[in-house]
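Engineer: What follows is a single structure, and I will ask about it in a moment.
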Amino acid sequence: MLGVWLLLWGSVALGGRTDTAFLRRAHDSSGHCTYSFTVASPVETACPEAAGGVPELRAELAALAARLSRLESRERGAGGSGPRGAEPGGARDPQQVAASRLEAAYGELLRAKGHRAPAPGIGISGSSSPARSPPRAAGAGRRRRGWLSPAHAVPDPAAAPRWEPQPLSYQELQSERTEVPVSRLLEETALGRPGKEDSAGCGQLVWVGEPVVFGRADSIAGKYGVWMKDPEPVPPFTRHNTWRVDTVGTEVRQLFQYEEAEQLARGYPAKVHILPRPLESTGAVIYRGGLFFQPRQSRSVARYDLRGETITAEREIPGAGYHGQYPYSWGGYTDIDLAVDETGLWVIYSTEKARGAIVLSKLDPETLEIRRTWETNIRKRGVANSFLICGTLYTVSSYTAPNATINFAYDTATGTSRALSIPFENRFRYLSMLDYNPAERQLFAWDSFNMVTYPVRLSRA
């Protein structure tokens, strides 16, 4: 039987089905005689990659095995049943010696590339076959192993494992993700660094963003003013409705109504309300379907109903200064300032008894009755403006400095104040109005003709 082995060096081309084949004999670099069996590919100009070419390699090996079977069949038809000259003491057939050397070289090549060498005696097609069984001595019934080296002794074909062509070895790089629990949460600081942000409920102010301009007044009457949205609107009004008052003048009565903020930016109101009484300064707010404002030259607070277009409530704030007695540092008759937060309606003012310090009172939005009052240690003339968030009063250091700060906070829950240093930008250098909208979670401001908003961030204590 004719035994033929393939010697695969780094880039040997395994050919397709072609009638041209070559069996070459040559000396290698060490001077040994080397046999190589070559079949040229009729379609491939270069060898496929080792890993990607495994299916093609198997197909070519199967085709080559079929051709070898035909060659062996022809030899058996000529009277041969195995390698001639394998008798004890007989001369070895040169083809048998060549096959042995090829097999040994093939095993060494596979070991050098990190593969397990196929079991000797297994056919190239991947299955054992009697036509490729180890040679037997003529007339003898026992197996001979002398024609192979001890490292490549031929096992019983029936017990030999099936061999499949193996791709070249490779190293797979894998990335592993390990979740490490956070040892502790970073505390939010006054500069707005990441921390325990409270996106839904109440918390402490820790950061104020850059101002965003929504509109600009086009006349001198709009140098100072107030603009707002209702955080708790009453039908037919919605949170999209926007309101504006230009407060420069002796008889400020016009309240401009817009369907949305974009309409405010274009400057075309949907309706103009004429107030029964003129208002004073920039302390007005919109809340639960009403405009709350200070009537001119009085220490009173009034409620104007937006649906009925009438004043439904008015109440005097006992001892409150007015018309320039205890304004903010920028002036503008800002003695009485109204505010809204998550807890309700507030009025910010000062009295002679408080000696110019800020006084806070919680108001009933329907009757304007004072529910409770707090006296702080923050001088009203010493700050540019103020607003409330979650029952805490915050003040601004300057109305003209481009890099101002939120400089004080007074907590009505504890009755204590503390100093802050939260950056606050006066982009247009004249802040005349500043209010918080709890529904929008933004500050609304009027800065020298410009209507702007500031995003804010809160953090739990």
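Engineer: The conditions are (1) among the charged types (D, E, K, R); (2) assigned to a strand (DSSP E or B); (3) in contact with a Ser or Thr (Cβ under 9 Å, 6 or more places away or on another chain), and ARG418 fails exactly one of them. Which is it?
Structural biologist: (3)
Engineer: Can you tell me how many residues in region 283-310 are open to solvent by less than 10 Å² (accessible area, probe 1.4 Å), part of a loop (DSSP other than H, G, I, E, B) and over 22 Å from ARG239 (Cβ atoms)?
Structural biologist: 1
Engineer: Further question on the same structure: Can you say whether ALA320 is aliphatic (A, V, I, L, M) and in contact with a helix residue (DSSP H, G or I) (Cβ under 8 Å, 6 or more places away or on another chain), as far as the supplied structure shows?
Structural biologist: In short, no.
Engineer: Filter region 392-411 down to the residues that are buried (at least 19 other Cβ atoms within 10 Å of the Cβ) and not in a strand (DSSP E or B) and list them by number.
Structural biologist: Scanning region 392-411 gives SER397, SER398, TYR399.
Engineer: Within the set of pairs 6 or more residues apart or between chains, which connect a residue that is modelled with pLDDT of 95 or more inside region 305-327 to a residue that is open to solvent by 70 Å² or more (accessible area, probe 1.4 Å) and not in a loop (DSSP other than H, G, I, E, B) with Cβ atoms less than 8 Å apart?
Structural biologist: Matching pairs, first to second residue: ASP305/THR312; ILE311/ARG277; TYR326/ARG381; PRO327/ARG381.
Engineer: Follow-up. May I ask you to say which residue of PRO318, PRO233 is closer than 27 Å to SER350 by Cα and either in a loop (DSSP other than H, G, I, E, B) or of a type outside the set (D, E, K, R) (or both)?
Structural biologist: None of the other options fit; the residue is PRO318.
Engineer: Here is a further query. Can you tell me which residue is most open to solvent (accessible area, probe 1.4 Å) among those in region 206-247 that are over 18 Å from GLU262 (Cα atoms) and among the hydrophobic types (A, V, I, L, M, F, W, C)?
Structural biologist: Applying the filter and picking the extreme gives ILE220.
Engineer: For ALA265, only one of the following conditions fails: (1) more than 16 Å from MET451 (Cα to Cα); (2) in contact with a strand residue (DSSP E or B) (Cβ under 6 Å, 6 or more places away or on another chain); (3) surrounded by fewer than 17 Cβ atoms within 10 Å (Cβ to Cβ); (4) small (Gly, Ala, Ser). What is its number?
Structural biologist: With (1) more than 16 Å from MET451 (Cα to Cα); (2) in contact with a strand residue (DSSP E or B) (Cβ under 6 Å, 6 or more places away or on another chain); (3) surrounded by fewer than 17 Cβ atoms within 10 Å (Cβ to Cβ); (4) small (Gly, Ala, Ser) applied to ALA265, the lone miss is (1).
Quick grid of which residues meet (1) at pLDDT 95 or above; (2) farther than 25 Å from VAL248 by Cα; (3) not in a loop (DSSP other than H, G, I, E, B); (4) not acidic (Asp, Glu):
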position: ASP335; (1), (2), (3), (4): yes, no, no, no
position: VAL340; (1), (2), (3), (4): yes, no, yes, yes
position: LEU360; (1), (2), (3), (4): yes, yes, yes, yes
position: THR367; (1), (2), (3), (4): yes, yes, no, yes
position: THR373; (1), (2), (3), (4): yes, yes, yes, yes
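Engineer: In region 370-398, which residues are within 21 Å of PRO231 (Cα to Cα), of a type in the set (Gly, Ala, Ser) and in contact with a strand residue (DSSP E or B) (Cβ under 6 Å, 6 or more places away or on another chain)?
Structural biologist: The one that is within 21 Å of PRO231 (Cα to Cα), of a type in the set (Gly, Ala, Ser) and in contact with a strand residue (DSSP E or B) (Cβ under 6 Å, 6 or more places away or on another chain): SER386.
The values are calculated or read from the model by the stated rules, or taken from the named source; none is laboratory data. Just so it is clear, the model here is predicted, and its values are computed rather than measured. Here Cβ is always computed from backbone atoms with ideal geometry, including for glycine, and neighbour counts include all displayed protein chains. Only protein heavy atoms, including side chains, enter the accessible area calculation; ligands, DNA and RNA are left aside. Shrake-Rupley method; radii C 1.70, N 1.55, O 1.52, S 1.80 Å.
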